[in-house]
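K.L.:
Supplied in C-alpha cells, the structure appears directly below.
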Amino acid sequence: MAYNEAIKKAYQEELASLRAAGLYKEERYIHTPQAAEIEVEFPAGTSPRKVINFCSNNYLGLSSHPEVIKAAHEALDRWGFGMSSVRFICGTQDIHRELERRVSEFLGTEDTILFSSCMDANAGVFEAILGEQDVMIADRLVHASIIDGMRLCKAQQDSYKHANMEHLEEKLQEHQDKRIRMIITDGVFSMDGDTARLDEIVRLAEKYDAMVFIDDSHATGYLGPTGRGTHELYGVMGKIDIITTTFGKALGGASGGCVSGRKEIVELCRQKARPYLFSNTLSPVIVATTIKVIELLSQTADRREKLLENTAYWKKGLQEAGFILKESDTAIVPIMLYNAKLAQDFSRDLFEEGIYAIGFFFPVVPKGQARIRTQISAAHEREHLDRGLEAFIKVGKKYNILGKTKEEIIEMYGL
Amino acid sequence: MDEMQKTILDYVKREYLEEDQEITPDTPLISSGIVDSFSMVSLKRFLEKKYNIVIPDDRATPQAFDTVNKICELVRAIQEGR
Ligand SMILES: Cc1ncc(COP(=O)(O)O)c(C=O)c1O
C-alpha cells in the first residue's frame, strides 16, 4: 500500500485535532549547554532569549559540570565513540561491567544490568520475570514507561489508589492465590514530587509475601542521607527487590538506565529482556562518565546539600508569597493553578519575564489539577532563585491569585 | 436505580474515587479523566466475577466502560448473548 491521499489526510486530521485540543507539543530549541541559565529559541524562528531554567531534571547540576565534561573527553579518547553492537555480541567493554558494579554498590543491591534508557528497563523487566500466574499491583500514578512495560507482560494487572496503603493492602489480600505478587511504584512521583511510603510498602510486602519494585529515576543521586534514593530515605535499603533508574537526570543527564536488584532477577533480564537483547549497547563515553559521576557523588555531599537548601528556600519564598504548593518532599515543586488555560498563560508570562517553567494539565495530570511544575537544581544560585521568585510574584499578582484559596482560584478561572 | 446500577456504582466509587467525589450512573468516567483506562482492568475483573461472564477484550473498550449505565448495558448484552 502506498502512502496515499486518504492515509495522509487521516494523519493530517489527527494532527489537527491534537492542535485543536491544545495537546500538540512544540519543541523549544536551546542554544546552550544544559544549565541554570540557558538560551531558548521559542517560538521557533525568533531570536534566542536568556532564561533561568526551572524545568530540567539536572538536579545536581552535573549535566555540564567541568569535571564531568573532562571525564567525557578522556573517555572518548580512551574508549572510542560507539560500540556498534548489542551487549552480548561485542558490545560489552570492561567499563560496562564496572558501571554495573558501581551502581549496585551505590544503590545497595546485589547486581545491575544496563539499558539504553530507564524507559527500556521498564519496558523489559516485567516480561522477563513474571508470567500468567503472577500479578502486578501498581500505584495508579506510576510513570508511563512502567505502564507500557506492564502491558508487554502476561501477568495480571491491578492497581491501587495513589499512595493509598489501605487500598494496596486490600489488593494484596485479594491476590493471595497468585504465584508472585509484585508491588510497583515510582520512588518519586514526577508530577507531584511526593515520595512513595516505602517503609509502609515494605511492611505490607513482608506481611503478604510480595516483591517490591521501584522506579527511582527522580531520586537516584540526591534523595536520602547519602543520595542513594527513596529506599535510603525510608530506611529500607536491601529490602527493595528491583530498582530501575536513569542516568538521564541527576547523574549527569546524558542517557541510559538500569535494572538493579536481586541477582537472579538481573541474570534473567540478561537472558530475556528484549530491549537489552535487541538494542545497541550504551556508548562508552556515557558509561565511563557515569562512573565518574558516581565517584563524585561518593566524595562529597556539597551538591546534594545545596540542592536541599535551594529547594527549601524556593518553597519558602513561594509559600510566603501566597502560592499553593503541592505537598512535596523532593526538588520537584508544583505550584497549583487548577485551570489548564491559566497554567499555560502563567507559563508564557513567566517566559516573558525570563523564567522557564512549564505548565502541566490534563491529560498529563488529572483534570482540574493544572499546575506549573518547577524543578530545583544545585546549579541554581541564590540570585537565580530570587529572580525566579520575583517573576512568579509579578505574574501571580497579575492573575490575582496570591494568598487565594483553591476554591477562590477555581471560582475565578474555573476548572 | 436498579440493583446492577447500584452494585457497579458502589464498586466504581470504592475502587476509583476519593471520598469527596460524587458521580451518577451517567457521569463520564474515562473520557472525563476521572478514571484512566489503565486502572479499568480491575473493573473488568470485578464484573466478570460478579456476573459470571467473560468480557472479550475487544468489547472492554474505554467507550463501553465510560459510564455506569454503559457498563450495565455491556454486562446485560453479554449475559443475553448479544
Ligand atoms: C519515573 C520515570 N521513569 C522513567 C523515565 C524514563 O527514563 P529515561 O529517560 O532514561 O528513558 C522517566 C523520565 O522521563 C521518569 O520520570
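The values are calculated or read from the model by the stated rules, or taken from the named source; none is laboratory data. Quick caveat: nothing in here was measured; it's all calculated off a predicted structure. Don't worry about glycine lacking a Cβ; one is built from the backbone with ideal geometry, like all the others, and counts go over all protein chains shown. What goes into the accessible areas is simple: the full protein's heavy atoms, side chains included, and nothing from ligands, DNA or RNA. Shrake-Rupley method; radii C 1.70, N 1.55, O 1.52, S 1.80 Å.
K.L.:
Look at B:PHE38 and say whether it is open to solvent by less than 40 Å² (accessible area, probe 1.4 Å) and aromatic (Phe, Trp, Tyr). Please lay out each step first, then the result.
P.N.:
Numbers: open to solvent by less than 40 Å² (accessible area, probe 1.4 Å): yes; aromatic (Phe, Trp, Tyr): yes.
Yes; evaluated as a whole, the condition is true for this residue.
K.L.:
Something else now. Taking interchain pairs and intrachain pairs at least six residues apart, which have beta carbon atoms under 8 angstrom, with the first residue in the stretch A:226-247 and within 14 Å of chain B (Cβ to nearest Cβ) and open to solvent by less than 10 Å² (accessible area, probe 1.4 Å) and the second more than 16 Å from the ligand (Cβ to nearest atom) and charged (D, E, K, R)?
P.N.:
Between residues of the stretch A:226-247 that are within 14 Å of chain B (Cβ to nearest Cβ) and open to solvent by less than 10 Å² (accessible area, probe 1.4 Å) and residues that are more than 16 Å from the ligand (Cβ to nearest atom) and charged (D, E, K, R), there is no close pair.
K.L.:
It is to be established whether one or more residues within the stretch A:25-46 are within 16 Å of the ligand (Cβ to nearest atom) and either assigned by TED's automatic domain parsing to the domain that holds A:THR246 or at pLDDT below 95 (or both). Before you say what the answer is, go through the steps one by one.
P.N.:
Within the stretch A:25-46, the first condition is being within 16 Å of the ligand (Cβ to nearest atom), and the residues that meet it are A:25, A:27, A:34.
Pick out the ones that are also either assigned by TED's automatic domain parsing to the domain that holds A:THR246 or at pLDDT below 95 (or both) and you get A:25, A:27.
Yes, because at least one residue in the stretch A:25-46 is within 16 Å of the ligand (Cβ to nearest atom) and either assigned by TED's automatic domain parsing to the domain that holds A:THR246 or at pLDDT below 95 (or both).
K.L.:
While we're looking at this one, here's another question. Taking A:ILE376 as the residue in question, decide whether it is under 30 Å from A:ALA75 (Cα atoms) and open to solvent by less than 10 Å² (accessible area, probe 1.4 Å).
P.N.:
Numbers: under 30 Å from A:ALA75 (Cα atoms): yes; open to solvent by less than 10 Å² (accessible area, probe 1.4 Å): yes.
In short, yes.
K.L.:
Right, here's the next one. Give the stretch A:361-373 a look and list any residue that's surrounded by fewer than 19 Cβ atoms within 10 Å (Cβ to Cβ) and in contact with a strand residue (DSSP E or B) (Cβ under 9 Å, 6 or more places away or on another chain), or say none.
P.N.:
Start the filter on the stretch A:361-373 by keeping residues that are surrounded by fewer than 19 Cβ atoms within 10 Å (Cβ to Cβ), which leaves A:362-364, A:366-368.
The answer is A:PHE362, A:GLY368.
K.L.:
Need pairs with beta-carbon distance below 7 Å; first residue under 23 Å from A:GLU170 (Cα atoms) and within the stretch A:139-152, second within 11 Å of the ligand (Cβ to nearest atom) and assigned to a helix (DSSP H, G or I); sequence gap 6+ or separate chains.
P.N.:
As it stands, the answer is A:ILE146/A:ASN122, since those pairs meet every condition given.
K.L.:
Let me ask something else about it. Only helices (runs of 4 or more DSSP H) wholly contained in the stretch A:251-325 count here; list those with 3 or more residues that are without any contact (Cβ under 8 Å) to a residue 12 or more places away in the chain.
P.N.:
It comes to A:302-321.
K.L.:
Going through A:ASP177, A:ASP134, A:ASP186 one at a time, which residue ends up being open to solvent by less than 10 Å² (accessible area, probe 1.4 Å) and more than 13 Å from A:VAL212 (Cβ to Cβ)? So that I can check it myself, show each step before the final result.
P.N.:
Details: A:ASP177 fails: open to solvent by less than 10 Å² (accessible area, probe 1.4 Å); A:ASP186 fails: more than 13 Å from A:VAL212 (Cβ to Cβ).
The unique qualifying residue is A:ASP134.
K.L.:
List the helices (runs of 4 or more DSSP H) that sit entirely inside the stretch A:144-220 and contain at least 3 residues that are within 14 Å of chain B (Cβ to nearest Cβ).
P.N.:
Values: elements: A:144-151, A:165-174, A:198-207.
Those helices (runs of 4 or more DSSP H) span A:144-151, A:165-174.
K.L.:
Got a sec? Which of B:GLU73, B:GLU80, B:GLU15, B:GLU3 is among the acidic types (Asp, Glu) and within 14 Å of another protein chain (Cβ to nearest Cβ)?
P.N.:
Working: B:GLU73 fails: within 14 Å of another protein chain (Cβ to nearest Cβ); B:GLU80 fails: within 14 Å of another protein chain (Cβ to nearest Cβ); B:GLU3 fails: within 14 Å of another protein chain (Cβ to nearest Cβ).
Result: B:GLU15 is the single residue among B:GLU73, B:GLU80, B:GLU15, B:GLU3 that is among the acidic types (Asp, Glu) and within 14 Å of another protein chain (Cβ to nearest Cβ).
K.L.:
What do you reckon, is A:ALA219 of a type in the set (A, V, I, L, M), touching a residue at least 60 places away in the same chain (Cβ under 8 Å) and in contact with a Gly (Cβ under 7 Å, 6 or more places away or on another chain)?
P.N.:
Working: of a type in the set (A, V, I, L, M): yes; touching a residue at least 60 places away in the same chain (Cβ under 8 Å): yes; in contact with a Gly (Cβ under 7 Å, 6 or more places away or on another chain): yes.
It is true that A:ALA219 is of a type in the set (A, V, I, L, M), touching a residue at least 60 places away in the same chain (Cβ under 8 Å) and in contact with a Gly (Cβ under 7 Å, 6 or more places away or on another chain).
Quick grid of which residues meet (1) touching a residue at least 60 places away in the same chain (Cβ under 8 Å); (2) out of contact with any helix residue (DSSP H, G or I) (no Cβ under 9 Å at 6 or more places or on another chain); (3) of a type outside the set (Asp, Glu); (4) surrounded by 14 or more Cβ atoms within 10 Å (Cβ to Cβ):
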residue: A:ALA21; (1), (2), (3), (4): no, yes, yes, no
residue: A:TYR24; (1), (2), (3), (4): no, no, yes, no
residue: A:GLU27; (1), (2), (3), (4): no, yes, no, no
residue: A:HIS31; (1), (2), (3), (4): no, yes, yes, no
residue: A:GLN34; (1), (2), (3), (4): yes, yes, yes, yes
residue: A:LEU62; (1), (2), (3), (4): yes, no, yes, yes
residue: A:VAL68; (1), (2), (3), (4): yes, no, yes, yes
residue: A:GLY80; (1), (2), (3), (4): yes, no, yes, no
residue: A:MET83; (1), (2), (3), (4): yes, no, yes, yes
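K.L.:
Among the numbered criteria (1) in the same structural domain as A:ILE180 (by TED's automatic domain parsing); (2) more than 16 Å from the ligand (Cβ to nearest atom), which one does A:PHE115 miss?
P.N.:
(2)
K.L.:
Looking at A:VAL333, is it touching a residue at least 24 places away in the same chain (Cβ under 8 Å), crowded, with 21+ Cβ neighbours inside 10 Å and assigned to a helix (DSSP H, G or I)? Even if it seems obvious, please write down each step before you answer.
P.N.:
Details: touching a residue at least 24 places away in the same chain (Cβ under 8 Å): yes; crowded, with 21+ Cβ neighbours inside 10 Å: yes; assigned to a helix (DSSP H, G or I): no.
No: the conditions fail for A:VAL333.
K.L.:
So, one more: Give the residue, chosen from A:GLU352, A:GLU320, A:GLU309, that is closer than 16 Å to A:ILE52 by Cβ, at pLDDT 95 or above and open to solvent by 60 Å² or more (accessible area, probe 1.4 Å).
P.N.:
Details: A:GLU320 fails: closer than 16 Å to A:ILE52 by Cβ; A:GLU309 fails: closer than 16 Å to A:ILE52 by Cβ.
Every option except A:GLU352 fails the conditions.
K.L.:
Do the conditions hold for A:PHE346, that is, is it aromatic (Phe, Trp, Tyr) and modelled with pLDDT under 95?
P.N.:
On the way: aromatic (Phe, Trp, Tyr): yes; modelled with pLDDT under 95: no.
No, not satisfied.
K.L.:
What number goes with the only condition from (1) farther than 30 Å from A:GLN176 by Cα; (2) out of contact with any Ser or Thr (no Cβ under 8 Å at 6 or more places or on another chain); (3) at pLDDT 95 or above that A:LEU268 does not pass?
P.N.:
(1)
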